[in-house]
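Notes follow once the structure below has been shown.
The values are calculated or read from the model by the stated rules, or taken from the named source; none is laboratory data. Only a predicted model underlies this, so the values are computations on that prediction, with no experimental measurement involved. Cβ coordinates were reconstructed from backbone atoms using ideal geometry, including for glycine residues, and neighbour counts include every protein chain displayed. Each accessible area value is taken on the protein alone, full model and side chains, heavy atoms only, with ligands, DNA and RNA left out. Shrake-Rupley method; radii C 1.70, N 1.55, O 1.52, S 1.80 Å.
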Amino acid sequence: MLKVIAPGKCILFGEHSVVYGYPAIAMALGINSTCKIKRISHNQLRLHLKDYDRTFNFSSIREIRSKFPQEFKNFQVGFLSVIDRYGIDVLGMEVQISSDLFMGGGLGSSASTAVALMGGLGSFFDLDLDKAQISDLAYNMEKIVHGNPSGIDNTICTNGNILIYQNKQFQTLENIPHSNFLITYTNMDHSTKVAVEKVANLKQQRPEYVNKIFRTIGKVTDKAEKVLKRGNIAKLGDLMNKNQELLTKLGVSNRQIKKINKISLKNGLYGSKLTGAGLGGCVIGI
Ligand code: MEV
């Protein structure tokens, strides 16, 4: 049996504007998604999605193409890319996918399961994929889930660490001093696709207003990169609060997020903001 894990992620600065080419900073979390693969005697692909308590059996490649349930189309894309790009026969194996991350929590559950699956298939079939290839394959799966992803989620879930990302390029931030972060769940799952579409609609209605917000978020993120390196937590907190204000103007905050921010700041945190797409999901504080 082969087992591959991929970490979840948390966006520190720059969500949403990153979709339009501005920089964002993301870090990997020590909470993972897992893909387990083993050979089975039946000439089938057996896919077990543990968190959904669902198992699917496909007896031929044609069935993988035609009978994949619509709600899990992202996994179909993952399997088909290995079949079509690398000419691999995926029958005769069982693939189990699970995640310790909240689904719809903004912590990269879909990207990390995608990376775990593509890394798992790559290893199982000795495809010798490098990280860029794994990330690219996971990106194709992410397009199904998110519509228009920037690529930051699959990049951080593949490469780990803490990185700054812009326009499909990234740089790992080295020697960042230790800091403690608090991640709080709003108890509301969210859809990244819906939140990204909401911002896109606002941008269409009020392009100048939204572009100005994006530019300001970009400046906040650039400053945050420098401040992170210096380990100035109070200043980093200020920048997180500023980023939260700008995200609120984009319409992706809500009452729960606001309440968590307020409680966090009242209890001694330096900064607090939504992380990921917003409209629910998680809040990160420092
Ligand atoms: C989602 O984790 C981050 C967003 O910026 C979308 C994306 O970058 O694809 C909201």
- Note on the structure: Hydrodynamic calc, the chain: Kirkwood Rh from Cα pairs, then Stokes-Einstein at 20 °C with viscosity 1.002 mPa s, so D in µm² s⁻¹ is 110 µm²/s
- Query: Which residue, 167, 175, 261, has the most motion in a Gaussian network model of the chain that connects Cα atoms within less than 10 Å?
  - Reply: 175
- Task: Quick one: angle between helix 73-86 and the longest Cα principal axis of the chain, in degrees between 0 and 90, rounded to 10, please.
- Result: 60 degrees
- Counting only DSSP beta bridges with both partners in region 41-190, the antiparallel fraction in percent, to the nearest 5, comes to 65 percent
- Item | Around residue 102: net Lys/Arg minus Asp/Glu count, Cβ-Cβ under 12 Å | -3
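Among DSSP beta bridges whose residues both lie in the chain, state the antiparallel percentage, nearest 5. The partial results should precede the final answer.
Values: 38 of 43 bridges.
Close to 90 percent.
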- Note on the structure: Residue separation between residue 188 and residue 62 times 0.36 nm, minus their alpha-carbon distance, gives in nm 41.6 nm
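Heavy atoms only, probe 1.4 angstrom, no DNA, RNA or ligands counted: give me 139, 165, 22 ranked by accessible area, highest first.
Details: 139 35, 165 5, 22 55 Å².
Per-residue accessible area, sorted high to low, gives 22, 139, 165.
Shape verdict for region 57-208, please, from the Cα gyration tensor: rounded (a/c under 1.5), prolate (a/b greater than b/c) or oblate. Can you show the working numbers first?
Numbers: a/c = 1.80, a/b = 1.39, b/c = 1.29.
Prolate is the answer for region 57-208, as a/c is 1.5 or above and a/b outweighs b/c.
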- Item | Environment charge at residue 4 (Cβ cut-off 13 Å; Lys +1, Arg +1, Asp -1, Glu -1) | +4
- Bin all alpha-carbon pair distances of region 174-286 at 5 Å intervals from 0 and give each bin's fraction as a whole percent. 2, 12, 21, 22, 20, 14, 7, 2, 0
- Message: With angles folded into 0 to 90 degrees, how steeply does helix 233-249 sit against the dominant principal axis of the chain? Use alpha carbons for both and round to 10.
- Response: 80 degrees
- Can you pull the accessible area of residue 50 for me, 1.4 Å probe, Å² to the nearest 10? 110 Å²
- Item | Pairwise FRET efficiency - residue 234 versus residue 262, Cβ, R0 = 22 Å, nearest 0.05 | 0.75
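Lys and Arg at +1, Asp and Glu at -1: add these up for the other residues within a Cβ distance under 13 Å of residue 206 and post the number. Walk me through the numbers before you get to the answer.
On the way: positive: 198, 203, 212, 249; negative: 208.
Net charge in that neighbourhood comes out at +3.
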- Query: Over what distance in Å are the Cα centres of region 225-249 and region 160-212 separated?
  - Reply: 13 Å
- Query: Taking only Cα atoms, what is the 0 to 90° angle, nearest 10, from helix 255-266's long axis to the longest principal axis of the chain?
  - Reply: 60 degrees
- Query: Nearest-5 percent of antiparallel DSSP beta bridges in region 1-112?
  - Reply: 80 percent
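Which percent of the accessible heavy-atom area of region 84-220 goes to carbon and sulfur, probe 1.4 angstrom? Don't skip to the end; give the middle numbers.
Details: 2890 of 6550 Å².
The value for region 84-220 is 44 percent carbon and sulfur by accessible area.
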- Note on the structure: Computed D for region 41-82, Stokes-Einstein, Kirkwood radius over alpha-carbon pairs, 20 °C, 1.002 mPa s, to the nearest µm² per second, is 200 µm²/s
- With a ≥ b ≥ c the root eigenvalues of the C-alpha gyration tensor of region 1-57, is it rounded (a/c under 1.5), prolate (a/b larger than b/c) or oblate? prolate
